[in-house]
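Before I ask anything, let me first share the structure, which is written out below as structure tokens.
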């Protein structure tokens, strides 16, 4: 999982391809996800928009499992 700022995903993916000689990249599973608009699962845990129980403010993160 690579997290980056809005508008930098293509740059991060290009950099991944530059350094992948030291990594094994499964191209079939490699994709860009936008958070908080969407959500995704990683290693069985859902990630996406959450709201703080105390302040009610939205943030990005992982839901408790």
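Restricting attention to the stretch 14-25, which residues are exposed (fewer than 10 other Cβ atoms within 10 Å of the Cβ) and at pLDDT 80 or above?
14, 18
Within the stretch 28-40, count every residue that is loosely packed, with under 10 Cβ neighbours inside 10 Å and modelled with pLDDT under 80.
Here the count works out to 2.
For residue 50, only one of the following conditions fails: (1) surrounded by 12 or more Cβ atoms within 10 Å (Cβ to Cβ); (2) modelled with pLDDT of 75 or more. What is its number?
The number of the failed condition is (2).
What single numbered condition from (1) outside any strand (DSSP E or B); (2) at pLDDT below 75 fails to hold for residue 60?
Single failed check for residue 60: (1).
Just the residues that are closer than 26 Å to residue 48 by Cα and not in a loop (DSSP other than H, G, I, E, B), please, taken from the stretch 3-28.
Matches in the stretch 3-28: 9, 10, 11, 12, 13, 14, 15, 16, 17.
The values are calculated or read from the model by the stated rules, or taken from the named source; none is laboratory data. The model shown is predicted, which means the values in this text are computed figures rather than measured ones. Ideal geometry is used to build each Cβ from the backbone, glycine not excepted, and the neighbour counts take in all protein chains shown.
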